[in-house]
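Step one of this worksheet: look at the structure below.
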Amino acid sequence: MIEYESLANSNQQFMRELETAATNVIRSGWYVLGHEVNEFEKEFAEWVGARHCIGVANGLDALILSLEALMLPRNSEVLVASNTYIATILAIIRAGYKPVLIEPDPETFNIDPLKIRLAITTTTRAICVTHLFGKACRMDEICTIANECGLKVIEDCAQSHGAKLANRMTGTFGDAGCFSFYPTKNLGAIGDAGAVVTDDDEIADRLRHLRNYGSKQKYVNKYIGVNSRLDEMQAALLRVKLRHLDAMTEHKRSLAAVYFKNLPDWLSLPRQKPDEHDVFHIFGIRVQERDRLKSWLLEQGVKTEIHYPIPPHKQEAMQGILQGEYPIADKLHATELSLPISVGHRVKDVQLVTEIIKQFKI
């Protein structure tokens, strides 16, 4: 059986370093907002190319707190992709703003800049972009629109650790870049964890307050905050894996190259452009008979995933909140299939997947 992903296998190569890091934290006696968090924030900010990194408890909190830190008027409209993972939309709602769905480019799965401009109203205050599947959105076009219209930009980088547009990292184009370190991410913790990067000193200062009950000084509360702190253990484990992240990315890119070379032409494959450095958090293909192919692959011993089976506007929780029709999102959600492409997979695993797919009768 070729698993879609085995976290135990993916982390095995780092086990000795991870165990040493965990032991050092336990022995230190300091478990919240200490040395490991400080060092990880410095190292991750430097790796991304940002002035500040603020560690938080998870990726959703990174989004919520970043949006809150913008201090936009209540009920401001925030533009967001209609096919994003629902967390991006939940964050906008939780921050007190109104999500406005924008259809994606069907070739990239990312928000379509041409449709952004058409959706801007007098109450639009920000754009929240999601770099889906490890491909950078067209931030050159999006930032031009934002600058012309006076809009803030938040980047959801949960799937794009290391993705670049014109050699510039995702997370560094907008006002803040929000990262999840959920275990399956390209940089994954051993549990929940997240962070925000920014070049804006005021946003960074608010975030450091907001994540810690609204306080930077003990018992002095400047804002109405929450408890969303990256803990010492996860920071220490992330520091280990950050040292290997570039190598892990290149491994995933080499697996993607095998797919591109060997998959049959009746599949719709991820689009590649010379100025986009994709990190392939997900290798998402599209095929009309997606469900039949998925079932058939499982029968042949290949596990796959769907990202995502239900679009946000059709989720029960979003009824009465997200209104309108989104046919491009509907089509993407009905035809996407994610193939195995983890750090734990070998080239021969991916080659076998391609050979099996070639046998499928369309």
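The values are calculated or read from the model by the stated rules, or taken from the named source; none is laboratory data. Only a predicted model underlies this, so the values are computations on that prediction, with no experimental measurement involved. Cβ: placed from backbone, ideal geometry, glycine included. Neighbour counts: every protein chain shown.
Residues of the range 88-96 include at least one that is in contact (Cβ under 8 Å) with a residue 40 or more places away in the chain and more than 21 Å from Thr170 (Cα to Cα). Looking at Leu267, Leu255, just one residue is surrounded by fewer than 20 Cβ atoms within 10 Å (Cβ to Cβ) and of a type in the set (A, V, I, L, M, F, W, C), and that residue is Leu267. Residues that are free of Cβ contacts under 8 Å to residues at least 40 places away in the same chain and part of a helix (DSSP H, G or I) were ranked within the range 282-316; the one that is nearest to Thr170 (Cα to Cα) is Lys314. Candidates in the range 341-362 are the residues that are among the polar types (S, T, N, Q) and either within 24 Å of Ala247 (Cα to Cα) or touching a Cys at 6+ places or on another chain (Cβ under 8 Å) (or both); of these, the one that is surrounded by the most Cβ atoms within 10 Å (Cβ to Cβ) is Ser342.
Set side by side, the residues Val279, Val240 differ, and just one is in a loop (DSSP other than H, G, I, E, B), β-branched (Val, Ile, Thr) and surrounded by 14 or more Cβ atoms within 10 Å (Cβ to Cβ), which is Val279. If you check Leu7, Leu118 for being surrounded by fewer than 17 Cβ atoms within 10 Å (Cβ to Cβ), without any contact (Cβ under 8 Å) to a residue 40 or more places away in the chain and hydrophobic (A, V, I, L, M, F, W, C), only one passes: Leu118. Could you list, in sequence order, the residues of the range 193-231 that are part of a helix (DSSP H, G or I), crowded, with 18+ Cβ neighbours inside 10 Å and over 22 Å from the mean Cα position of the chain (by Cα)? The answer is Arg206, His209. Could you list all residues from the range 173-192 that are small (Gly, Ala, Ser) and surrounded by fewer than 18 Cβ atoms within 10 Å (Cβ to Cβ)? Selection gives Gly191 alone.
Comparison of Asp278, Asp330 shows that the only residue that is at pLDDT 95 or above, in contact with a Lys or Arg (Cβ under 6 Å, 6 or more places away or on another chain) and within 19 Å of His131 (Cα to Cα) is Asp278. For the range 288-340, taking the residues that are β-branched (Val, Ile, Thr) and either within 21 Å of the chain's Cα centre (by Cα) or in the same structural domain as Thr88 (by TED's automatic domain parsing) (or both), the one that is nearest to Leu101 (Cα to Cα) is identified as Ile328. Taking the range 204-256 as the range and being out of contact with any Lys or Arg (no Cβ under 9 Å at 6 or more places or on another chain), of a type in the set (Val, Ile, Thr) and more than 30 Å from Glu5 (Cβ to Cβ) as the test, the residues that pass are Val220, Ile224.
When we screen Phe14, Phe40 for residues that are modelled with pLDDT of 95 or more, touching a Gly at 6+ places or on another chain (Cβ under 7 Å) and surrounded by 13 or more Cβ atoms within 10 Å (Cβ to Cβ), the only hit is Phe40.
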